[in-house]
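Some notes on the structure that comes next.
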Amino acid sequence: MSETTSTQDRKKVTTLTFLRKKSKNQPITMLTAYDYATALAIDRAGIDSILVGDSLGMVVLGYENTLPVTMEDMIHHCKAVARGAHYALLIGDMPFMSYQASVDEAVQNAGRFLKEGGMDAVKLEGGRERLPAIEAIISAGIPVQGHLGLTPQSVHLLGGFRAQGKTAVAARKLIEDAHALQDAGCFSLVLETIPARLARVLSERLEIPTIGIGAGVGCDGQVLVTHDLLGLFDRFTPRFVKKYVELHNQMEEAFKAYRTDVETRAFPAEEHEVEMPDEEWEELIKELGT
Ligand code: KIV
């Protein structure tokens, strides 16, 4: 077991743990969560970090993309996750238009993730165009994780959920953005849906850890959307997802079985009933005269 998964002597994961793991070539594990029960299970499994992703909008709230997610949505779900997880590094994902319009707003909103949401750090999408916001947030004492490649909040600008960095020009821009984010003080970088060999080179060149999603095994760590891993989100499954279980089907089967039980009066059974002492019952029956 690694230093963060040991059941004895378990320590809270910090941004320094991320850096230490990179220096020791130990893969960093990260998953998304949006509620108390899932956060508790992820934390108990010894996962290093929990991202309260704005993927919330798609996998929990049922939107077509992440754009409608609000700060209030995020804070609400961050609070639930923070109640369930005590060891993982908690990262709150800044939603669309919470950091793009002004640096002041970006700092205020980032602060809410720590003050109200119980998070340890924030994540935001974008490259050099986000440097003023990133620098100001870090100056306020808030750790920032960058996010490059397929940045879902720019889905319309990118022309859909499509892989990025596939040309030499695009890859060079991505490398320059990654170095700029590192120089600005980001403690790590999510790389989403970019060629595996580009992600590997970037991970080798950067001092801060890269966390890949659809970016191959050469990253310093991996993140998946938990609903994808559990087979809970059945609208589509990106190619890079590994489903560890098909919970959606299992849930549907369980709900059907419950429906049948209720309709056939097989549930509730005697063991699910609350008993009343016989003498109390007799007294009541006498009173009721039945
Ligand atoms: O919102 C999210 O879940 C994310 C991950 C896909 C990295 O940003």
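The values are calculated or read from the model by the stated rules, or taken from the named source; none is laboratory data. What you see is a predicted model; the values in this text were computed from it and never measured. Cβ placement follows ideal geometry from the backbone for every residue including glycine, while neighbour counts extend to all protein chains displayed.
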Counting only helices (runs of 4 or more DSSP H) entirely within region 181-290, those with at least 2 residues that are small (Gly, Ala, Ser) and within 30 Å of ASP120 (Cα to Cα) are 196-205
Does ARG265 qualify as being assigned by TED's automatic domain parsing to the domain that holds ILE137, surrounded by fewer than 17 Cβ atoms within 10 Å (Cβ to Cβ), free of Cβ contacts under 8 Å to residues at least 24 places away in the same chain and not aromatic (Phe, Trp, Tyr)?
no
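Yes/no matrix, rows are residues, columns are (1) within 14 Å of the ligand (Cβ to nearest atom); (2) closer than 14 Å to PHE18 by Cα; (3) surrounded by 20 or more Cβ atoms within 10 Å (Cβ to Cβ):
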site	(1), (2), (3)
ALA180	no, no, no
ALA184	no, no, no
PHE187	no, yes, yes
GLU192	yes, no, yes
ALA196	no, no, no
LEU202	no, no, yes
GLU207	no, yes, no
LEU224	yes, no, yes
HIS227	yes, no, yes
Candidates ASP228, ASP177 - the one that is of a type in the set (Asp, Glu), under 20 Å from the mean Cα position of the chain (by Cα) and within 29 Å of VAL13 (Cα to Cα)
ASP228
Can you name the number of the only condition in (1) more than 16 Å from the ligand (Cβ to nearest atom); (2) over 28 Å from ALA39 (Cα atoms) that MET251 fails?
(2)
Taking the conditions exactly as written (closer than 23 Å to GLY53 by Cα, modelled with pLDDT under 95 and surrounded by fewer than 22 Cβ atoms within 10 Å (Cβ to Cβ)), does GLY141 satisfy them or not?
no
Answer with yes or no whether ALA101 is away from the ligand (no atom under 14 Å from the Cβ), in the same structural domain as ILE211 (by TED's automatic domain parsing), in contact (Cβ under 8 Å) with a residue 12 or more places away in the chain and of a type in the set (A, V, I, L, M).
no
For region 61-71, state whether one or more residues are surrounded by 24 or more Cβ atoms within 10 Å (Cβ to Cβ) and either assigned by TED's automatic domain parsing to the domain that holds LEU232 or basic (Lys, Arg) (or both).
yes
With criteria (1) within 16 Å of the ligand (Cβ to nearest atom); (2) surrounded by 12 or more Cβ atoms within 10 Å (Cβ to Cβ), ARG235 comes up short on (2)
Considering residues that are among the polar types (S, T, N, Q) and more than 14 Å from the ligand (Cβ to nearest atom), the number found within region 209-222 is 0
